[in-house]
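Please read the structure below before turning to the comments.
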Amino acid sequence: MKVLIIGSGGREHALCWKIGKSKKISNIFCAPGNGGTQQIAENIDIAPNDIDELLKFALDKSIDLTIVGPEDPLAKGIVDRFEEKGLRIFGVNRESAQLESSKIYAKGFMEKHGIPTAKYRRYHDIEEAIEGLNQFRYPLVIKADGLCLGKGVVICETREMALKTLQAMMEDRIFGAAGENIIIEEFLEGVEASLLCFVSRGRLIPMESARDYKQIYEGDKGPNTGGVGCFSPNEHFDEGLEAIIEDEILSRIEIGLQQEGLDYSGVLFIGLMLTEQGPKVLEFNVRFGDPETQVLIPRLEGDLVNIIQKTLDGNLKRDDLNWTDKVCLTVVATSKGYPGEYEKGKEIDGLDELGRDIIVFHNGTKLKNGKLYTDGGRVISITTLGKSLQEARNNIYDKVDGIHFDGIYFRRDIGKI
Ligand code: AMP
Ligand code: GLY
(Lines give C-alpha, C1' and ligand atoms only; values in the text may rest on other atoms or scores of the structure.)
(Ligands and ions follow the chains in the order given, each with its own letter.)
Protein backbone atom coordinates (compact mmCIF):
# COMPACT_ATOMS: atom_id res chain seq x y z
CA MET A 1 0.00 0.00 0.00
CA LYS A 2 1.04 3.57 -0.65
CA VAL A 3 0.19 6.05 2.07
CA LEU A 4 0.23 9.85 1.98
CA ILE A 5 0.38 11.74 5.26
CA ILE A 6 -0.47 15.45 5.16
CA GLY A 7 1.21 17.85 7.59
CA SER A 8 4.62 18.71 8.99
CA GLY A 9 4.56 18.40 12.78
CA GLY A 10 5.37 15.97 15.58
CA ARG A 11 1.93 14.45 15.10
CA GLU A 12 2.69 13.60 11.49
CA HIS A 13 6.14 12.22 12.35
CA ALA A 14 4.55 9.95 14.99
CA LEU A 15 1.95 8.79 12.45
CA CYS A 16 4.69 8.09 9.85
CA TRP A 17 6.70 6.18 12.46
CA LYS A 18 3.77 3.94 13.37
CA ILE A 19 2.47 3.47 9.82
CA GLY A 20 6.00 2.52 8.78
CA LYS A 21 5.79 -0.50 11.10
CA SER A 22 2.78 -1.89 9.23
CA LYS A 23 3.52 -4.89 7.02
CA LYS A 24 0.99 -3.63 4.49
CA ILE A 25 3.01 -0.58 3.53
CA SER A 26 5.29 -0.20 0.52
CA ASN A 27 5.72 3.61 0.43
CA ILE A 28 4.99 6.50 2.75
CA PHE A 29 4.89 10.05 1.44
CA CYS A 30 4.63 13.06 3.70
CA ALA A 31 3.48 16.47 2.43
CA PRO A 32 5.41 18.52 3.26
CA GLY A 33 6.89 16.61 6.24
CA ASN A 34 9.99 17.66 8.19
CA GLY A 35 13.54 16.54 8.94
CA GLY A 36 12.21 13.62 10.96
CA THR A 37 9.75 12.27 8.41
CA GLN A 38 12.44 12.61 5.74
CA GLN A 39 14.42 9.87 7.48
CA ILE A 40 11.57 7.34 7.34
CA ALA A 41 9.36 8.51 4.46
CA GLU A 42 9.58 10.53 1.27
CA ASN A 43 8.85 14.21 1.78
CA ILE A 44 6.83 15.89 -0.94
CA ASP A 45 6.99 19.64 -1.31
CA ILE A 46 3.26 20.40 -1.30
CA ALA A 47 1.60 22.55 1.37
CA PRO A 48 -1.24 20.99 3.41
CA ASN A 49 -3.68 23.63 2.11
CA ASP A 50 -2.88 23.08 -1.55
CA ILE A 51 -5.71 20.65 -2.09
CA ASP A 52 -5.50 20.73 -5.91
CA GLU A 53 -1.85 19.68 -5.89
CA LEU A 54 -2.37 17.07 -3.19
CA LEU A 55 -5.23 15.58 -5.16
CA LYS A 56 -3.16 15.53 -8.33
CA PHE A 57 -0.29 13.85 -6.49
CA ALA A 58 -2.56 11.22 -4.93
CA LEU A 59 -4.12 10.40 -8.31
CA ASP A 60 -0.77 10.34 -10.17
CA LYS A 61 0.85 8.06 -7.60
CA SER A 62 -2.24 5.90 -7.03
CA ILE A 63 -2.15 6.54 -3.30
CA ASP A 64 -4.18 3.91 -1.46
CA LEU A 65 -4.72 5.85 1.75
CA THR A 66 -4.30 9.53 2.68
CA ILE A 67 -4.19 10.60 6.32
CA VAL A 68 -4.79 14.27 7.16
CA GLY A 69 -2.98 15.78 10.16
CA PRO A 70 -3.95 19.47 10.49
CA GLU A 71 -7.39 21.09 10.68
CA ASP A 72 -7.05 23.63 7.87
CA PRO A 73 -7.32 21.27 4.89
CA LEU A 74 -10.18 19.45 6.64
CA ALA A 75 -12.08 22.72 7.09
CA LYS A 76 -11.40 23.48 3.42
CA GLY A 77 -12.99 20.21 2.35
CA ILE A 78 -10.01 18.04 1.37
CA VAL A 79 -11.90 14.89 2.34
CA ASP A 80 -14.90 15.76 0.19
CA ARG A 81 -12.61 16.48 -2.78
CA PHE A 82 -10.65 13.22 -2.44
CA GLU A 83 -13.79 11.16 -1.98
CA GLU A 84 -15.38 12.68 -5.09
CA LYS A 85 -12.48 11.17 -7.00
CA GLY A 86 -12.90 7.81 -5.31
CA LEU A 87 -9.76 8.17 -3.17
CA ARG A 88 -9.62 6.73 0.34
CA ILE A 89 -8.84 9.39 2.90
CA PHE A 90 -8.84 9.42 6.71
CA GLY A 91 -10.22 12.65 8.13
CA VAL A 92 -13.55 14.40 8.54
CA ASN A 93 -15.56 16.00 5.79
CA ARG A 94 -16.06 19.74 5.54
CA GLU A 95 -19.43 19.80 7.23
CA SER A 96 -18.18 17.86 10.27
CA ALA A 97 -15.02 20.00 10.46
CA GLN A 98 -17.21 22.89 11.64
CA LEU A 99 -17.03 21.33 15.10
CA GLU A 100 -13.51 22.75 15.18
CA SER A 101 -13.56 25.53 12.60
CA SER A 102 -16.45 27.38 14.27
CA LYS A 103 -16.57 27.66 18.05
CA ILE A 104 -20.11 29.02 17.74
CA TYR A 105 -21.16 25.92 15.80
CA ALA A 106 -19.48 23.68 18.39
CA LYS A 107 -21.12 25.45 21.33
CA GLY A 108 -24.50 25.29 19.61
CA PHE A 109 -24.01 21.55 19.09
CA MET A 110 -23.12 21.04 22.75
CA GLU A 111 -26.03 23.12 23.97
CA LYS A 112 -28.55 21.42 21.74
CA HIS A 113 -27.45 17.93 22.69
CA GLY A 114 -27.01 18.47 26.42
CA ILE A 115 -23.23 18.08 26.44
CA PRO A 116 -21.79 19.73 29.57
CA THR A 117 -19.74 22.83 28.70
CA ALA A 118 -19.05 26.35 30.01
CA LYS A 119 -21.92 28.88 29.89
CA TYR A 120 -21.48 31.26 26.98
CA ARG A 121 -22.95 33.96 24.80
CA ARG A 122 -22.15 34.76 21.17
CA TYR A 123 -21.73 38.21 19.67
CA HIS A 124 -21.35 39.79 16.24
CA ASP A 125 -21.50 43.42 17.37
CA ILE A 126 -18.79 44.95 19.58
CA GLU A 127 -21.17 47.24 21.49
CA GLU A 128 -23.34 44.26 22.39
CA ALA A 129 -20.27 42.24 23.34
CA ILE A 130 -19.10 45.02 25.69
CA GLU A 131 -22.57 45.09 27.24
CA GLY A 132 -22.40 41.28 27.48
CA LEU A 133 -19.26 41.40 29.66
CA ASN A 134 -21.56 42.41 32.54
CA GLN A 135 -23.14 38.95 32.50
CA PHE A 136 -19.89 37.21 33.50
CA ARG A 137 -17.55 37.18 36.47
CA TYR A 138 -13.77 37.55 36.09
CA PRO A 139 -11.73 35.84 34.91
CA LEU A 140 -13.79 35.27 31.79
CA VAL A 141 -12.83 33.77 28.45
CA ILE A 142 -13.13 35.42 25.04
CA LYS A 143 -12.89 33.21 21.97
CA ALA A 144 -12.77 34.12 18.30
CA ASP A 145 -15.22 31.97 16.36
CA GLY A 146 -12.87 30.81 13.60
CA LEU A 147 -9.51 29.04 13.29
CA CYS A 148 -6.64 31.17 14.68
CA LEU A 149 -3.72 28.72 14.94
CA GLY A 150 -4.50 28.12 18.61
CA LYS A 151 -4.29 31.83 19.46
CA GLY A 152 -7.96 32.75 19.42
CA VAL A 153 -8.68 32.07 23.10
CA VAL A 154 -7.93 34.76 25.68
CA ILE A 155 -8.46 34.40 29.41
CA CYS A 156 -9.23 37.89 30.71
CA GLU A 157 -8.52 38.63 34.37
CA THR A 158 -9.94 42.16 34.25
CA ARG A 159 -12.52 44.23 32.43
CA GLU A 160 -9.73 46.30 30.95
CA MET A 161 -8.16 43.22 29.40
CA ALA A 162 -11.55 42.03 28.12
CA LEU A 163 -12.18 45.40 26.44
CA LYS A 164 -8.76 45.29 24.81
CA THR A 165 -9.36 41.75 23.58
CA LEU A 166 -12.77 42.61 22.09
CA GLN A 167 -11.26 45.64 20.40
CA ALA A 168 -8.38 43.58 18.96
CA MET A 169 -10.59 40.76 17.68
CA MET A 170 -13.70 42.63 16.52
CA GLU A 171 -12.43 46.06 15.48
CA ASP A 172 -8.73 45.72 14.70
CA ARG A 173 -9.45 42.29 13.20
CA ILE A 174 -6.16 40.75 14.31
CA PHE A 175 -7.52 37.35 13.26
CA GLY A 176 -9.31 38.66 10.16
CA ALA A 177 -12.73 37.13 9.52
CA ALA A 178 -12.12 34.51 12.24
CA GLY A 179 -12.80 37.23 14.84
CA GLU A 180 -15.92 38.67 13.20
CA ASN A 181 -17.99 36.67 15.63
CA ILE A 182 -16.89 35.93 19.17
CA ILE A 183 -17.92 34.03 22.25
CA ILE A 184 -17.74 35.21 25.84
CA GLU A 185 -17.52 32.24 28.13
CA GLU A 186 -17.48 31.39 31.80
CA PHE A 187 -14.01 30.46 33.11
CA LEU A 188 -13.85 26.84 34.24
CA GLU A 189 -11.54 25.76 37.00
CA GLY A 190 -10.06 22.28 37.10
CA VAL A 191 -7.61 19.91 35.46
CA GLU A 192 -7.49 19.62 31.69
CA ALA A 193 -7.62 16.32 29.89
CA SER A 194 -7.52 15.35 26.23
CA LEU A 195 -9.61 12.44 25.07
CA LEU A 196 -9.25 11.43 21.44
CA CYS A 197 -11.70 9.04 19.82
CA PHE A 198 -11.71 7.18 16.54
CA VAL A 199 -15.09 7.82 14.99
CA SER A 200 -16.28 4.95 12.87
CA ARG A 201 -19.61 5.67 11.09
CA GLY A 202 -20.68 7.98 13.89
CA ARG A 203 -19.65 5.64 16.73
CA LEU A 204 -17.01 6.95 19.15
CA ILE A 205 -14.26 4.54 20.15
CA PRO A 206 -12.14 6.33 22.77
CA MET A 207 -8.37 6.10 22.82
CA GLU A 208 -6.46 6.39 26.09
CA SER A 209 -6.54 9.73 27.91
CA ALA A 210 -3.77 12.31 27.85
CA ARG A 211 -2.74 15.50 29.57
CA ASP A 212 -1.38 18.35 27.51
CA TYR A 213 0.66 21.26 28.87
CA LYS A 214 -0.44 24.37 27.03
CA GLN A 215 1.54 27.14 28.68
CA ILE A 216 5.12 27.92 27.78
CA TYR A 217 6.58 28.34 31.27
CA GLU A 218 6.88 26.01 34.23
CA GLY A 219 4.03 26.08 36.73
CA ASP A 220 1.59 26.75 33.84
CA LYS A 221 2.65 30.35 33.46
CA GLY A 222 2.91 32.53 30.40
CA PRO A 223 1.06 32.52 27.10
CA ASN A 224 -0.70 29.52 25.60
CA THR A 225 1.09 27.48 22.95
CA GLY A 226 0.05 24.58 20.74
CA GLY A 227 1.22 22.27 23.58
CA VAL A 228 4.75 21.87 24.95
CA GLY A 229 4.54 18.60 26.85
CA CYS A 230 2.14 15.75 27.31
CA PHE A 231 1.68 12.39 28.93
CA SER A 232 -0.70 9.46 28.73
CA PRO A 233 -2.67 8.20 30.55
CA ASN A 234 -3.99 11.29 32.34
CA GLU A 235 -3.61 10.55 36.05
CA HIS A 236 -7.18 11.64 36.81
CA PHE A 237 -8.83 9.02 34.66
CA ASP A 238 -10.40 6.07 36.42
CA GLU A 239 -13.43 3.86 35.82
CA GLY A 240 -15.78 6.25 37.59
CA LEU A 241 -14.77 9.24 35.50
CA GLU A 242 -14.78 7.15 32.34
CA ALA A 243 -18.36 6.06 33.03
CA ILE A 244 -19.48 9.68 33.46
CA ILE A 245 -17.71 10.74 30.28
CA GLU A 246 -19.30 7.83 28.45
CA ASP A 247 -22.83 8.72 29.59
CA GLU A 248 -22.79 12.49 29.61
CA ILE A 249 -20.43 13.24 26.78
CA LEU A 250 -19.62 10.42 24.33
CA SER A 251 -23.12 9.02 23.96
CA ARG A 252 -24.60 12.49 23.61
CA ILE A 253 -22.07 13.37 20.92
CA GLU A 254 -23.05 10.21 19.03
CA ILE A 255 -26.72 11.18 19.22
CA GLY A 256 -25.84 14.74 18.19
CA LEU A 257 -23.87 13.59 15.14
CA GLN A 258 -26.79 11.45 14.09
CA GLN A 259 -29.45 14.10 14.65
CA GLU A 260 -27.45 16.75 12.82
CA GLY A 261 -26.93 14.34 9.94
CA LEU A 262 -23.13 14.65 10.21
CA ASP A 263 -21.40 11.80 8.43
CA TYR A 264 -18.43 11.92 10.81
CA SER A 265 -15.53 9.60 10.13
CA GLY A 266 -12.01 10.10 11.47
CA VAL A 267 -10.77 11.35 14.81
CA LEU A 268 -12.62 13.53 17.32
CA PHE A 269 -10.43 15.15 19.95
CA ILE A 270 -12.41 16.22 22.99
CA GLY A 271 -10.70 18.87 25.15
CA LEU A 272 -12.07 18.47 28.67
CA MET A 273 -11.92 20.41 31.90
CA LEU A 274 -12.39 18.12 34.91
CA THR A 275 -14.25 20.44 37.27
CA GLU A 276 -15.76 19.87 40.70
CA GLN A 277 -19.13 19.65 38.97
CA GLY A 278 -17.85 16.93 36.64
CA PRO A 279 -16.16 16.85 33.24
CA LYS A 280 -17.05 19.65 30.82
CA VAL A 281 -16.11 20.04 27.18
CA LEU A 282 -13.80 22.98 26.43
CA GLU A 283 -13.50 22.35 22.73
CA PHE A 284 -13.61 19.87 19.91
CA ASN A 285 -10.82 19.27 17.43
CA VAL A 286 -11.58 17.17 14.39
CA ARG A 287 -8.14 15.55 14.13
CA PHE A 288 -5.29 14.01 16.07
CA GLY A 289 -3.68 16.39 18.60
CA ASP A 290 -0.11 17.59 18.75
CA PRO A 291 1.60 16.64 21.14
CA GLU A 292 -1.13 14.13 22.18
CA THR A 293 -0.34 11.90 19.19
CA GLN A 294 3.30 11.66 20.25
CA VAL A 295 2.24 10.02 23.56
CA LEU A 296 -0.72 7.96 22.30
CA ILE A 297 0.88 6.36 19.25
CA PRO A 298 3.80 4.73 21.16
CA ARG A 299 1.26 3.18 23.56
CA LEU A 300 -0.98 1.84 20.79
CA GLU A 301 -0.35 -1.82 20.03
CA GLY A 302 -1.07 -3.42 16.69
CA ASP A 303 -1.28 -2.11 13.18
CA LEU A 304 -2.48 1.48 12.79
CA VAL A 305 -3.29 0.90 9.11
CA ASN A 306 -5.74 -1.86 10.12
CA ILE A 307 -7.31 0.40 12.70
CA ILE A 308 -7.73 3.22 10.18
CA GLN A 309 -9.15 0.89 7.55
CA LYS A 310 -11.67 -0.53 10.00
CA THR A 311 -12.62 2.98 11.07
CA LEU A 312 -13.23 3.96 7.46
CA ASP A 313 -15.22 0.79 6.81
CA GLY A 314 -17.43 1.58 9.79
CA ASN A 315 -16.57 -1.52 11.77
CA LEU A 316 -13.92 -0.52 14.30
CA LYS A 317 -14.62 -2.12 17.70
CA ARG A 318 -13.30 -1.27 21.14
CA ASP A 319 -11.41 -4.57 21.22
CA ASP A 320 -9.43 -3.45 18.18
CA LEU A 321 -7.61 -0.87 20.31
CA ASN A 322 -5.00 -2.27 22.70
CA TRP A 323 -2.64 -0.16 24.73
CA THR A 324 0.49 -0.86 26.71
CA ASP A 325 0.13 -0.16 30.44
CA LYS A 326 3.29 1.91 30.30
CA VAL A 327 3.15 5.66 30.67
CA CYS A 328 4.31 7.72 27.72
CA LEU A 329 5.70 11.19 28.26
CA THR A 330 6.90 13.80 25.80
CA VAL A 331 8.73 17.06 26.36
CA VAL A 332 8.70 19.54 23.49
CA ALA A 333 11.91 21.51 22.97
CA THR A 334 11.10 24.94 21.54
CA SER A 335 12.93 27.83 19.93
CA LYS A 336 13.66 30.85 22.11
CA GLY A 337 10.77 33.32 21.81
CA TYR A 338 8.02 30.81 20.95
CA PRO A 339 4.99 31.26 20.99
CA GLY A 340 6.02 34.79 19.96
CA GLU A 341 8.67 35.48 17.35
CA TYR A 342 11.61 33.12 17.05
CA GLU A 343 14.52 32.37 14.76
CA LYS A 344 14.97 29.29 12.60
CA GLY A 345 17.95 27.52 11.07
CA LYS A 346 19.89 26.64 14.24
CA GLU A 347 21.91 23.43 14.04
CA ILE A 348 20.63 20.64 16.30
CA ASP A 349 23.15 18.34 18.03
CA GLY A 350 23.07 15.42 20.40
CA LEU A 351 20.11 13.43 19.08
CA ASP A 352 22.26 10.41 18.17
CA GLU A 353 23.49 9.86 21.71
CA LEU A 354 20.12 9.64 23.45
CA GLY A 355 19.91 5.85 23.64
CA ARG A 356 17.18 3.40 22.78
CA ASP A 357 14.71 4.49 25.47
CA ILE A 358 14.13 7.83 23.80
CA ILE A 359 12.10 8.41 20.66
CA VAL A 360 12.48 11.84 19.10
CA PHE A 361 9.51 13.03 17.05
CA HIS A 362 10.32 16.11 15.01
CA ASN A 363 7.94 19.08 15.10
CA GLY A 364 9.83 21.71 13.17
CA THR A 365 13.16 20.58 11.72
CA LYS A 366 14.88 20.57 8.36
CA LEU A 367 17.53 18.17 7.09
CA LYS A 368 20.20 19.81 4.92
CA ASN A 369 23.36 18.00 3.75
CA GLY A 370 22.91 15.40 6.46
CA LYS A 371 22.62 18.01 9.22
CA LEU A 372 19.53 18.86 11.17
CA TYR A 373 18.34 22.46 11.72
CA THR A 374 15.47 24.06 13.63
CA ASP A 375 12.57 25.06 11.42
CA GLY A 376 9.72 26.02 13.75
CA GLY A 377 8.70 27.24 17.19
CA ARG A 378 8.14 23.71 18.44
CA VAL A 379 11.26 21.82 17.32
CA ILE A 380 11.34 18.25 18.68
CA SER A 381 9.21 16.10 20.99
CA ILE A 382 11.49 14.04 23.22
CA THR A 383 9.46 10.98 24.08
CA THR A 384 9.77 7.87 26.23
CA LEU A 385 7.78 5.01 27.73
CA GLY A 386 8.20 4.18 31.43
CA LYS A 387 6.67 1.83 33.99
CA SER A 388 5.53 4.92 35.86
CA LEU A 389 5.29 8.63 35.24
CA GLN A 390 8.31 9.09 37.49
CA GLU A 391 10.37 6.58 35.53
CA ALA A 392 9.40 8.26 32.27
CA ARG A 393 10.34 11.66 33.71
CA ASN A 394 13.71 10.36 34.85
CA ASN A 395 14.40 8.78 31.45
CA ILE A 396 13.80 12.07 29.71
CA TYR A 397 15.27 14.59 32.08
CA ASP A 398 18.46 12.52 32.45
CA LYS A 399 19.01 12.85 28.73
CA VAL A 400 17.63 16.14 27.45
CA ASP A 401 20.59 18.22 28.49
CA GLY A 402 22.59 16.33 25.87
CA ILE A 403 20.54 17.98 23.14
CA HIS A 404 21.75 21.35 21.91
CA PHE A 405 20.65 24.11 19.62
CA ASP A 406 20.97 27.82 19.95
CA GLY A 407 18.03 29.11 22.03
CA ILE A 408 16.70 25.69 23.12
CA TYR A 409 13.99 25.94 25.79
CA PHE A 410 11.82 23.28 27.38
CA ARG A 411 9.82 22.94 30.57
CA ARG A 412 11.35 20.82 33.32
CA ASP A 413 8.04 20.13 35.05
CA ILE A 414 6.24 18.00 32.46
CA GLY A 415 4.66 15.05 34.27
CA LYS A 416 5.47 16.44 37.70
CA ILE A 417 2.26 16.05 39.69
P1 AMP B 1 -9.69 25.93 23.34
O2 AMP B 1 -9.00 26.21 22.03
O3 AMP B 1 -11.12 26.30 23.38
O4 AMP B 1 -9.41 24.57 23.92
O5 AMP B 1 -8.93 26.83 24.39
C6 AMP B 1 -7.53 26.76 24.54
C7 AMP B 1 -7.19 26.67 26.00
O8 AMP B 1 -7.75 27.77 26.71
C9 AMP B 1 -7.77 25.43 26.68
O10 AMP B 1 -6.95 24.31 26.50
C11 AMP B 1 -7.80 25.91 28.11
O12 AMP B 1 -6.52 25.85 28.70
C13 AMP B 1 -8.18 27.35 27.99
N14 AMP B 1 -9.66 27.52 28.07
C15 AMP B 1 -10.54 27.56 27.06
N16 AMP B 1 -11.79 27.74 27.50
C17 AMP B 1 -11.72 27.82 28.83
C18 AMP B 1 -12.67 28.02 29.89
N19 AMP B 1 -13.96 28.17 29.64
N20 AMP B 1 -12.21 28.04 31.15
C21 AMP B 1 -10.90 27.91 31.43
N22 AMP B 1 -9.95 27.73 30.49
C23 AMP B 1 -10.34 27.69 29.21
N1 GLY C 1 -2.62 19.88 21.75
C2 GLY C 1 -3.77 20.53 21.31
C3 GLY C 1 -4.02 20.49 19.88
O4 GLY C 1 -3.54 19.65 19.14
O5 GLY C 1 -4.77 21.32 19.40
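The values are calculated or read from the model by the stated rules, or taken from the named source; none is laboratory data. The structure displayed is predicted, hence computed values, not measured ones. Glycine gets a Cβ as well: all are built from the backbone with ideal geometry, and neighbour counts include every protein chain shown.
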Looking at the stretch 171-181, can you tell me whether even one residue there is more than 12 Å from ligand 2 (Cβ to nearest atom) and touching a residue at least 60 places away in the same chain (Cβ under 8 Å)? yes
Taking only pairs six or more apart or across chains, which ones have beta-carbon atoms under 9 Å, a first residue in the stretch 361-384 that is over 13 Å from T293 (Cα atoms), and a second residue that is aromatic (F, W, Y) and crowded, with 24+ Cβ neighbours inside 10 Å? I380/F361
Residues that are in contact (Cβ under 8 Å) with a residue 40 or more places away in the chain, part of a loop (DSSP other than H, G, I, E, B) and under 21 Å from R287 (Cα atoms), drawn from the stretch 23-43: N34, G36
Checking A178 against (1) of a type in the set (G, A, S); (2) more than 14 Å from ligand 1 (Cβ to nearest atom); (3) under 24 Å from the mean Cα position of the chain (by Cα): exactly one of these is not met. Which one? (2)
Could you list, in sequence order, all residues of the stretch 395-417 that are within 14 Å of C328 (Cβ to Cβ) and not in a loop (DSSP other than H, G, I, E, B)? N395, I396
Among the candidates L188, L140, L147, residue that is at pLDDT below 95, surrounded by 15 or more Cβ atoms within 10 Å (Cβ to Cβ), within 13 Å of ligand 1 (Cβ to nearest atom) and not polar (S, T, N, Q): L147
Please verify whether the stretch 243-263 includes one or more residues that are within 13 Å of ligand 1 (Cβ to nearest atom), at pLDDT 95 or above and not small (G, A, S). no
Determine which single condition T275 fails, assuming it passes every other condition in (1) in contact with a strand residue (DSSP E or B) (Cβ under 8 Å, 6 or more places away or on another chain); (2) within 16 Å of ligand 1 (Cβ to nearest atom); (3) more than 14 Å from I403 (Cβ to Cβ). (1)
For the stretch 200-219, does any single residue satisfy the condition of being modelled with pLDDT under 95, in contact with a Gly (Cβ under 8 Å, 6 or more places away or on another chain) and at positive phi? yes
K76 vs (1) within 29 Å of G222 (Cα to Cα); (2) away from ligand 1 (no atom under 16 Å from the Cβ); (3) surrounded by fewer than 20 Cβ atoms within 10 Å (Cβ to Cβ); (4) within 18 Å of the chain's Cα centre (by Cα): all pass except (1)
Number of positions in the stretch 243-290 that are closer than 23 Å to D145 by Cα, among the hydrophobic types (A, V, I, L, M, F, W, C) and away from ligand 2 (no atom under 16 Å from the Cβ): 4
Is there a residue in the stretch 156-173 that is near ligand 1 (Cβ under 10 Å from one of its atoms), surrounded by fewer than 14 Cβ atoms within 10 Å (Cβ to Cβ) and under 26 Å from the mean Cα position of the chain (by Cα)? no
Here's a check for you: in the stretch 193-216, which residue that is within 14 Å of ligand 1 (Cβ to nearest atom) and in contact (Cβ under 8 Å) with a residue 40 or more places away in the chain is farthest from I414 (Cα to Cα)? L196
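Just checking, how many residues over the stretch 106-125 are over 16 Å from D263 (Cα atoms) and not in a strand (DSSP E or B)?
Result for the stretch 106-125: 13.
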Some residue of the stretch 55-71 being of a type in the set (D, E, K, R) and at pLDDT below 95: no
Filter the stretch 1-44 for residues that are small (G, A, S) and within 15 Å of V379 (Cα to Cα) and give the result. G7, S8, G9, G10, A14, G33, G35, G36
Out of the residues in the stretch 226-274 that are farther than 18 Å from R203 by Cβ and among the polar types (S, T, N, Q), state the one that is farthest from the chain's Cα centre (by Cα). N234
